[in-house]
Amino acid sequence: MTEAIRGFWVASATPLAADGSVDHARLAAHTKQLFGKGVDGVVLFGTTGEGTSFNASERVATIEAMLKAGIAPERIGVGGGFPAITDSIALTRAVLGLGLRHVLLLPPYFDRSVTPEGIEDAFAAIIDGVADDRLRASLYHIPQVSGVAIPTTVAANLRKRYGKQVAGLKDSSGDFKQFQAFRAAAPELAITVGNEPDIARAMAAGGAGTICGMANLLPELVKGMIDGKAVEARMQAAADAVVKTPSLVATLKAILAAQTGDTGWLRVRPPLRALSDGTALKRKLDALMAPAIA
């Protein structure tokens, strides 16, 4: 099993059944389709996967279904962030028991006045509470969404305290200087980026790869960046078309519905509202994919 998330991982969207539960069969099929296009692994219940809308039991049941569908545990990561530390501990223990090792941990969110010391205490409480050497946690830095940043000193301190149990960090800030700061402060961490246009330069600067949402729609384009192809301008245009919409998740799902002809992809959980049609955006992305990536 890998010690950290490296290479090309997708922050998967979460398909829903008509009753709002996770559609396990559709999710497994989506994952296998991505694997067929060069993806190394998937992270479930991250930001793109509406992760904070699902409780621990739902997340564990989905992991169990994915394993039953033949998805290898070393190719699955799971979002383990909750406001309550005890929930993060319970979920992490459960998925480690199922054979997973990769858990992405947000700092507890909602209270935006916390100190760096408090953030470090929270992560330490999770790791100490899990008390399992199999854990390979990735800290998840996405302050523009969570409201709570991970200071570089906290990342460095946690790596020193826990070694390989704190295996990586996902930087989804979209600020390349922030990525560089994490690399400088904690060079032993495997740092992935979520901002797709930064993938190639991050890897050139010692980054571990990507965990990104646009790969749900354009895995070939992301793979091109991983492989060093000069497609940054295309990726920037694609990201602008999707990310700069009122709801990234609803837009991404609407495009997936248009790509697959499966309207089930349109479903989202409240407080999100579903879009009715993603055909126009699909056409825009199709145009960016032509000509084919050489």
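The values are calculated or read from the model by the stated rules, or taken from the named source; none is laboratory data. Computed from a predicted model, the values in this text were never measured in an experiment. Using ideal geometry, Cβ is built from the backbone for each residue, glycine included, and neighbour counts are taken over all protein chains shown. To get the accessible areas, we keep the full protein, side chains included, count just its heavy atoms, and leave off ligands, DNA and RNA. Shrake-Rupley method; radii C 1.70, N 1.55, O 1.52, S 1.80 Å.
Among the conditions (1) touching a Ser or Thr at 6+ places or on another chain (Cβ under 8 Å); (2) open to solvent by less than 10 Å² (accessible area, probe 1.4 Å), residue 30 misses just one, which is (2). Kindly check whether there is at least one residue in region 165-175 that is assigned to a helix (DSSP H, G or I) and either under 22 Å from residue 8 (Cβ atoms) or not polar (S, T, N, Q) (or both). No, the conditions are met nowhere in region 165-175. Could you please let me know if residue 286 is at negative phi and without any contact (Cβ under 8 Å) to a residue 12 or more places away in the chain? So residue 286 passes the test. A residue that is β-branched (Val, Ile, Thr) and closer than 23 Å to residue 15 by Cα cannot be found anywhere in region 110-132. A count restricted to region 270-281 and to residues that are part of a helix (DSSP H, G or I) and buried (at least 18 other Cβ atoms within 10 Å of the Cβ) stands at 1. Filtering region 244-269 to residues that are open to solvent by 50 Å² or more (accessible area, probe 1.4 Å) and free of Cβ contacts under 8 Å to residues at least 24 places away in the same chain leaves 244, 246, 260, 261, 263. One residue alone among 57, 21, 12 is free of Cβ contacts under 8 Å to residues at least 60 places away in the same chain and either buried (at least 18 other Cβ atoms within 10 Å of the Cβ) or under 16 Å from residue 100 (Cα atoms) (or both), and that residue is 57. Residues in region 182-236 that are open to solvent by 10 Å² or more (accessible area, probe 1.4 Å), among the polar types (S, T, N, Q) and either out of contact with any helix residue (DSSP H, G or I) (no Cβ under 9 Å at 6 or more places or on another chain) or closer than 20 Å to residue 168 by Cα (or both): 195 only. Here are some conditions: (1) open to solvent by 30 Å² or more (accessible area, probe 1.4 Å); (2) at pLDDT below 95; (3) closer than 20 Å to residue 170 by Cα; (4) not hydrophobic (A, V, I, L, M, F, W, C). Residue 74 meets all but one. Which one does it not meet? If we test residue 74 against (1) open to solvent by 30 Å² or more (accessible area, probe 1.4 Å); (2) at pLDDT below 95; (3) closer than 20 Å to residue 170 by Cα; (4) not hydrophobic (A, V, I, L, M, F, W, C), just (2) comes out false.
For region 127-164, filtered to residues that are in contact with a strand residue (DSSP E or B) (Cβ under 6 Å, 6 or more places away or on another chain) and assigned to a helix (DSSP H, G or I), the residue that is surrounded by the fewest Cβ atoms within 10 Å (Cβ to Cβ) is 159.
Scan region 89-126 for residues that are within 30 Å of residue 69 (Cβ to Cβ), open to solvent by less than 20 Å² (accessible area, probe 1.4 Å) and in contact with a strand residue (DSSP E or B) (Cβ under 7 Å, 6 or more places away or on another chain) and the total you get is 8.
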